[in-house]
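A short write-up of the structure that comes next.
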Amino acid sequence: MKRHPAFLVVAGWGLLNGILLAVLAIYGESSLVYWLWGGVVVLIELAALAVLLSSLTGPEQHRRYRLPAKGEAAALPTALAAAIVGLSFIYGFWLIAVAAPLLALALVLRVRRGPLEKEELPRGD
């Protein structure tokens, strides 16, 4: 299981949905909600089983990843923060509290030295 953590991510997601289903049961929802959400939990756990089987029968996971250098790594958090700031004009300025950590993350990613600057990774996988 140490070599295939993807299964744990999907199974954990299904477990979280099972816990949320139990919370709904405590509050006494209708039976239709139990059937629908229970079906979702079963489908997620089946997907986790499929991920486990595919990772066991397939080759090992990649051991080397090419990470973006400093400028490229900050692009996604910056874009998400900009979108959230734009939505704050519609839904309220409280969303800026959600965008601020993303902007801080983008700043940290921008100023740190990227892995490609430390040492050039060889081409070819």
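The values are calculated or read from the model by the stated rules, or taken from the named source; none is laboratory data. Not measured: the values here are computed from a predicted model. Virtual Cβ from ideal backbone geometry, glycine too; neighbours counted across all protein chains shown. These area figures cover heavy atoms from the full protein model, side chains too; ligands, DNA and RNA do not enter into them. Shrake-Rupley method; radii C 1.70, N 1.55, O 1.52, S 1.80 Å.
Within the range 84-113, residues that are more than 18 Å from residue 72 (Cβ to Cβ) and outside any helix (DSSP H, G or I) have Cβ atoms under 9 Å from residues that are modelled with pLDDT of 90 or more and open to solvent by 80 Å² or more (accessible area, probe 1.4 Å) in no pair, counting only partners at least 6 apart in sequence or on another chain.
Of the set (1) surrounded by 13 or more Cβ atoms within 10 Å (Cβ to Cβ); (2) modelled with pLDDT of 90 or more, all apply to residue 68 but (2).
Does residue 53 qualify as being in a helix (DSSP H, G or I), at pLDDT 85 or above, farther than 13 Å from residue 110 by Cα and over 18 Å from the mean Cα position of the chain (by Cα)? Spelling it out, residue 53 is indeed in a helix (DSSP H, G or I), at pLDDT 85 or above, farther than 13 Å from residue 110 by Cα and over 18 Å from the mean Cα position of the chain (by Cα). Of the residues that sit in the range 71-125 and are over 24 Å from the mean Cα position of the chain (by Cα) and small (Gly, Ala, Ser), which one is modelled with the lowest pLDDT? So, considering only residues that are over 24 Å from the mean Cα position of the chain (by Cα) and small (Gly, Ala, Ser), the one modelled with the lowest pLDDT is 124.
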